[in-house]
Structure formats: C-alpha cells, structure tokens
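Read through the structure below, which is laid out as structure tokens, and then see the notes.
What follows draws every value from the coordinates through simple rules; no lab data is involved. Keep in mind that this is a model prediction, so the values were computed, not measured. Positions of Cβ are generated from backbone atoms using ideal geometry, with glycine treated the same way; all protein chains shown enter the neighbour counts.
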Amino acid sequence: MKQSQSLCVAYSADDNYAKYLGISMLSLFLSNKDFAAIQVFVLDCGIGDGNKEKLRSLAKEYKRNIEFRSMERAVSGLELTMGARKISIASYARLFLSSIIPKEYDRVLYLDCDTIVLDSLLMLWNFELQDYLVAGVRDTVDSFFLKKIGLKGEDYYINAGILLINLAEWREKHMEQRFMEVIKSFGGKVPHHDQGTINAACSNMKLIVSPRYNVTSNIYSFSAKTIKNIYFMESFYSQQELDEAKSNPAILHFTTGLVGRPWEEKCSHPRKDAYYRVAQLSPWKNDPLLPDSRKFSVKAFAAFYKYTPHVLSETSYRLLSMLIHFRE
C-alpha cells in the first residue's frame, strides 16, 4: 500500500460549533504526527473572528495548515431554495466539497465536529477507493427509512459524520448536480438531510469500512443483535467487530443517543474522558458544561432500557418505530 504523507481534512461549522471543531482538530493533530503535512479546510458557515483566531493558533502550534472557505460564497450560484423551504447551508455544506477543495486534492476526509481522533488515520487515508464514490461506516438506520430514499432493505447506509470522499470521482460524475436533483425530488425535505442525500445519490458505490473509524454512541448502548432487532436491519457488523471498535476506537463520534454528549451535563458515555483530556489542552478548557439537551423521550427510553428486560424495551422500540413510519 502506497502511503500518502499529506492528509487533507474538512470540517463544517458555524460559530456555535467552532469550539467542538477545534477540540476535534486538536485530537487529529495529536494522534497523527506520522503525517508530514495536514491540510484542514473549514467550511465556514459563520464562524466569528475570535474562534477563527483560536483555530489558526492551534494549527500554527502543531505546524499544520488551516484555511477557511466561506460557504455563502461557495454556494452563491446554486439554487438553495426548494419550494417554500430554505436549505440550511450548514446542514448541506459537505455536499459541495468537490468544488470547494482545490483540484490538486483527489480525496478528502470529512469529519463532523462532534468527533475525537484517537489513533493514526494513515491506513484509512490510504484505502483504495477505485470507483467508489465514498467510504464510511454503516449507520444504525432501519429498513423503513432506506425505502424512503430509494434504497433496498439490504443496501448499505453509511453515517456521513466521517467520510473518506473520492473527490476525483465526485467531479467526474458531477455529484453536486446529482445531490441537488435528490434534494429537489424531496421538495427540500430529504430524510436526514445531507446524510440521506449522500446515501441516495451514491447508491451502491459506497465502500464500507471498519466501525472503529466511526464509533457512534449507539455502538456503546446496544449489541449487534439488538441493533439489527430494533432497527429492522437485515445485516450489520458482527459483535466481534463492534467489540474491537469499542476497545480500540480510531475515531469516536459523540452522536446523539441514550448516553448524552460529553460537553453536556449528565453524560454517561463510557469514553467521555477521551474528550475531556483533549478539551483540557484546548483554548476552550475553562468552558462549563452545557445543560443536557436530550429530549424527554430519549431520557425516558434510556431509563426504561436500563431497568427493564431488554426483550420488553426492544419490542417497545420496534412498535414505536413502526407507528412513526406508518404515520408519515
């Protein structure tokens, strides 16, 4: 395997998420000193000057490069209003990476701001993409949802929080135009927004990678068997694959879930200390925890799942999912 010594990474954030972007970026720098160069592109959806200066200082301290690309400017020529619905630039920013990232880069690693990198990404970065449009980790999405975006129950659906993107193929196949066509077909209301758009447009040209490159909160909350059961999934990663990912994660993804998020009160995520260790090295180390933002229904189910037999709570979850889908 030929190793590239220059890593290209992209984030997307507004001023509210700039702090989490910075902490994630810092963890990337700390865990990837084996790269000779790291280029970070920030899809700027409204980051203030103060946070921009902190981000630049971090990059300078670790001898890495950071560039901010205005999303308002990048999408100024594109139609972002579908019917009566205005599309959020921040929500759809990653769809425009093939035109935002300079053509000298034929691939980019996109990371959500709510991630922490704990290991070298050299192996992930050098995966052979060939004709694949994107590589990612399977997400916990039920079969009802797949059908809504035109996929079959056995099709792969990836989590768009961590994506290794084949920019050369995106440009060759005019993927930005395909994304806009998908959005228009849903009247601007694509299920799961840009994630649903990417999965629908990329169809079966998605490379599935080890879950250790995107260890979401659900993987810590549920077993492989439970995930297949409550999400009506025909297949998923094996329990061994999930156990290995949990014990040796390369990228932690603090998605919304039963355990909460480490920057909020009452978080019970088993790996929250990994976030705190990096946060304490950042310019935001003295920021207080935010209130718990989980919905009441999520908190209630978390308690229900913890204190009742799983067969009961899983059955209840399945019935609730079916009810929601049949109503929609």
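Couplings 3J(HN,Hα) for region 248-265, derived from phi with the Karplus relation 6.51 cos²θ - 1.76 cosθ + 1.60 (θ = phi - 60°), are 9, x, 8, 9, 8, 10, 7, 6, 5, x, 5, 8, x, 10, x, 8, 10, 5 Hz, where x marks Gly and Pro. Using the Cβ-Cβ distance between Thr315 and Lys152 with R0 = 22 Å, the FRET efficiency computed as 1/(1 + (r/R0)^6) comes to roughly 0.30. Of the GluC sites (Glu not before Pro) found in region 101-197, those that fall in a DSSP loop while having at most 16 other beta-carbon atoms within 10 Å are Glu104, Glu128, Glu154.
Of all the stretches in the chain, which is the longest one without any exposed loop site, taking trypsin sites (Lys or Arg not before Pro) in a DSSP loop (any state but H, G, I, E, B) with at most 14 other Cβ atoms within 10 Å? List each step's numbers first, then the result.
Working: sites that count: Lys2, Lys33, Lys63, Lys103, Lys152, Lys189, Lys266, Lys285, Lys295.
Looking at the chain, 190-265 is the longest stretch - no exposed trypsin sites (Lys or Arg not before Pro) with at most 14 other Cβ atoms within 10 Å.
So which DSSP H runs in the chain come out at 24 Å plus along the axis (Cα) with average Kyte-Doolittle of at least -0.5? Don't skip to the answer; put the middle values down first.
Details: long enough: 310-327 (25 Å, 0.29).
Long hydrophobic helices here: 310-327.
Reported to the nearest whole Å, the Cα centre-to-centre distance from region 1-72 to region 178-228 is 24. In the chain, the DSSP-assigned H stretches of four residues or longer account for a calculated mean residue ellipticity at 222 nm of -11500 deg cm²/dmol, using -39500 (n - 2.57) per stretch and the full residue count as denominator. Taking 13 Å as the cut-off, the amide N atoms of region 112-152 that come nearer than this to a point 7 Å along the Cα-to-beta-carbon line of Glu172 belong to 129-134. All C-alpha to C-alpha distances of region 142-229, sorted into 10 Å bins beginning at zero, yield P(r) values of 15, 45, 32, 8 percent in whole numbers. Of the three principal axes defined by the Cα atoms of region 257-303, the extents in descending order read 35, 19, 11 Å. Consider a paramagnetic label point 7 Å from the Cα of Asn248 along Cα→Cβ; state which residues of region 203-238 have an amide N under 20 Å from it. Counting only backbone N, you get 208-216, 219-220, 224, 237-238. For the chain, the gyration tensor built on C-alpha atoms gives a rounded shape. Its axis ratio a/c (a ≥ b ≥ c) stays under 1.5.
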